[in-house]
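Below is one structure; the comments refer to it alone.
A short reminder: the numbers here are calculations on the coordinates, not readings from a lab. This one's a predicted model, so the numbers in the text were calculated from it and none came from an experiment. Cβ sites come from the backbone with ideal geometry, for glycine too, and all protein chains shown count toward neighbours.
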Protein chains: 2
Amino acid sequence: MDITFIGSGNMTRGIATRALAGGHSVTILGHQAEGAAALAGELNGNIGSGVVGDPIRGDVVVLATPYDAVAEVLGQYAGQLDGKVVVDITNPVDFSTFTPLTLAAGSVAQEIATKAPGAKVVKAFNTTFAGTLVEGQVAGQPLDVLIAADDEDAKQTVTDLVDGSGLRAVDAGPLARAHELEALGYLHMALQDKLGTGFGSTVKVLA
Amino acid sequence: MDITFIGSGNMTRGIATRALAGGHSVTILGHQAEGAAALAGELNGNIGSGVVGDPIRGDVVVLATPYDAVAEVLGQYAGQLDGKVVVDITNPVDFSTFTPLTLAAGSVAQEIATKAPGAKVVKAFNTTFAGTLVEGQVAGQPLDVLIAADDEDAKQTVTDLVDGSGLRAVDAGPLARAHELEALGYLHMALQDKLGTGFGSTVKVLA
């Protein structure tokens, strides 16, 4: 599949690395064209780059921006997200105080679904860290990627992307579960200091 | 240490099994004396039983009741929880519809802290399942027990209990993090159906 990333930061590096490993085509749109081109140049596979505002290539868009940039991106792409699988990877956190934000919608993902009603919003990758995505595993175990969505076809698309990239997709239920996924995303970040794991850990459901 | 359990269900069986393995003394108070005595008879070690309403033995109390029974227990033990380490293991879920409850206090643990201001409330064990606690491990890995509390001495007491019982204590921060722990507790339960793991899984932070 063709996947467009909005944003050219560490999470794009991580998820795009896995998507390319799975044989998919990737386009990275950065706020600066140079940053996106530099990241594209680092990675191997079918990859291109551009600037945020360029048209979306393919049916899957990953919003790989911090939460506070999501509204602007939605505004820029108003109407262009209809029918697309829009993957929300954000965690709603005030990073100046490192406190979680409480959203009236319940979660960022549900907020996006309200603002872009034609999009097929999927919450995923918000509980995984960038560096571990590059590696694809921690302690010999494939990362668990928890996936919540209301649109079953969109959920299946992201599930296929995850499973085909050497990770393990876990169906976390409807989009409303994004509330719990975002709580877990914040918790996982908050644990780093005490565990001393330097954002190199992964949350795994073992059985 | 001496640990009193309020409730004689599966979670008491699980946590008490680990506490006894760690060499601690356990008292189980059941809503029916017979149920508590039967469970005590199943377990090996320094264990006694009684009925809910009996005095608390020791400095650590585990509220091993469903969320909707917590208020009644707090009423019954009003004043007797002052200075005690009160371990809240609940998840706020409407089990008739299996939907998470939104609490104004942020979490059950914070609700308890408001209702019993003299108690040293610790959130723990709400992300672990009863059967896995009996075993102490899943897939060869010790269970992670996420612990949130504002009172550092109380947190250390529960940390020692957990670490001394063959499990791994993970410091999840202040009591406010109980919100995220309860979200994770619900999410872990909600995943069972799709994963087909029959409440035999554990959530582990691997590094």
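Looking at region A:161-178, which of the residues that are surrounded by fewer than 23 Cβ atoms within 10 Å (Cβ to Cβ) and within 13 Å of B:PRO100 (Cβ to Cβ) is nearest to the other protein chains (Cβ to nearest Cβ)? Among residues in region A:161-178 that are surrounded by fewer than 23 Cβ atoms within 10 Å (Cβ to Cβ) and within 13 Å of B:PRO100 (Cβ to Cβ), the one nearest to the other protein chains (Cβ to nearest Cβ) is A:GLY173.
Can you find a residue that is in contact (Cβ under 8 Å) with a residue 40 or more places away in the chain and surrounded by fewer than 19 Cβ atoms within 10 Å (Cβ to Cβ) anywhere in region A:59-70?
Yes, region A:59-70 has at least one match.
When B:VAL121 is tested against the conditions (1) β-branched (Val, Ile, Thr); (2) more than 10 Å from chain A (Cβ to nearest Cβ); (3) touching a residue at least 60 places away in the same chain (Cβ under 8 Å), the lone failure is (3). Of the residues in region A:163-180, none is in contact with a helix residue (DSSP H, G or I) (Cβ under 7 Å, 6 or more places away or on another chain), of a type in the set (S, T, N, Q) and within 19 Å of B:LEU206 (Cα to Cα). Screening A:ASP150 with (1) more than 13 Å from chain B (Cβ to nearest Cβ); (2) over 20 Å from B:LEU187 (Cβ atoms); (3) charged (D, E, K, R) gives one miss only, at (2).
Looking at this structure, is A:THR127 within 14 Å of A:TYR186 (Cβ to Cβ) and either of a type in the set (Phe, Trp, Tyr) or in contact (Cβ under 8 Å) with a residue 60 or more places away in the chain (or both)? Yes, satisfied. In the set B:LEU29, B:LEU20, only one residue is part of a helix (DSSP H, G or I), of a type outside the set (Asp, Glu) and buried (at least 18 other Cβ atoms within 10 Å of the Cβ); that residue is B:LEU20. On the stretch given as region B:48-69, residues that are more than 12 Å from the chain's Cα centre (by Cα) and within 17 Å of B:ALA116 (Cα to Cα) total 6. For region B:88-118, the set of residues classified as loosely packed, with under 15 Cβ neighbours inside 10 Å and in contact (Cβ under 8 Å) with a residue 60 or more places away in the chain consists of B:PHE98 only. Within region B:62-82, at least one residue is in a strand (DSSP E or B) and of a type outside the set (Ser, Thr, Tyr).
Please go through region A:44-61 and pick out each residue that is within 14 Å of A:PHE5 (Cα to Cα) and in a loop (DSSP other than H, G, I, E, B).
A:ASN46, A:GLY53, A:PRO55, A:ILE56, A:ARG57, A:GLY58, A:ASP59
Of all the listed residues (B:ALA71, B:ALA105, B:ALA139), the sole one being within 22 Å of B:THR12 (Cβ to Cβ) and hydrophobic (A, V, I, L, M, F, W, C) is B:ALA71.
Among what's in region A:189-207 and is more than 7 Å from chain B (Cβ to nearest Cβ) and touching a Ser or Thr at 6+ places or on another chain (Cβ under 9 Å), pick the residue that is surrounded by the most Cβ atoms within 10 Å (Cβ to Cβ). Walk me through how you get there before you give the answer.
Taking region A:189-207 first, the residues more than 7 Å from chain B (Cβ to nearest Cβ) are A:189, A:192-193, A:196, A:198-199.
Applying the additional criterion that residues be touching a Ser or Thr at 6+ places or on another chain (Cβ under 9 Å) yields A:192, A:199.
Working: A:GLN192: 16, A:PHE199: 13.
Among those that are more than 7 Å from chain B (Cβ to nearest Cβ) and touching a Ser or Thr at 6+ places or on another chain (Cβ under 9 Å), it is A:GLN192.
Considering the conditions (1) surrounded by fewer than 23 Cβ atoms within 10 Å (Cβ to Cβ); (2) at the interface with another protein chain (Cβ under 10 Å from one of its Cβ atoms); (3) of a type in the set (Val, Ile, Thr), A:VAL134 is excluded by exactly one of them, (2).
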